[in-house]
Amino acid sequence: HSNIPISHTLNSTISICPTIFLILLFTFFAIWSRAQAIGQDRATIEYVKDACFLTEVSGKEQKHATAFCVHPVGIVVTNHHVVDQIEIGGTINLIANSGQPNQETLEAKLLRIDEKNDLAILKISKVGIYKAIEIANAPELYETLGVTAFGFPFGKSLSLEEDAFPTISV
């Protein structure tokens, strides 16, 4: 080794360092992302899935969208543009457990609309206790925080069978 100049050895070591750094960084993110995935609470995901509905509105045109229960007595929120062809007091179908063996179609009445904020409030007609998600102001939210989205982004288009309802996307 005495024939190898010190500058050559130093340059080789420096050129290996970025490679080792990148490998360590990649390993850290792979382990971290796996930990994040494992950290997802399955019970919470299932609970929120049960609080979501596929909305089916019939009228001039048939529309499908997502709605979610915000109160256990069956108060449900969806978007105004989904129900804009329905009058206050009109009926909307909510598909509970869409695409599942226990799928159920529930009738809901349109209670209120807020066109400016694109919101609509519905009330499920069938008396019962429904799983509801909590709406809260969470000041600990920050940019780049992980988010899980639930819904039916393409209405019935993601159904595996013709004239069937799709399962919820998470």
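The values are calculated or read from the model by the stated rules, or taken from the named source; none is laboratory data. For clarity, every value in this text was computed on a predicted model and none was experimentally measured. Here the Cβ positions follow ideal geometry from the backbone for every residue, glycine too, while neighbour counts run over all protein chains shown. Ligands, DNA and RNA are stripped out before the accessible areas are found, and what is left, the full protein with its side chains, is counted by its heavy atoms. Shrake-Rupley method; radii C 1.70, N 1.55, O 1.52, S 1.80 Å.
What the table shows:
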{"read-out": "Residue-span extension gain [Thr91 to Arg42] - 0.36 nm each, minus C-alpha spacing", "value": "14.3 nm"}
{"read-out": "Percent carbon-and-sulfur accessible area, segment 83-142, ignoring ligands, DNA and RNA, probe 1.4 Å", "value": "51 percent"}
{"read-out": "Packing-based ranking, highest mean first, of 73-79, 85-91 given that Cβ atoms within 10 Å are counted", "value": "73-79, 85-91"}
{"read-out": "Alpha-carbon centroids, segment 62-79 and segment 105-134: separation in whole Å", "value": "5 Å"}
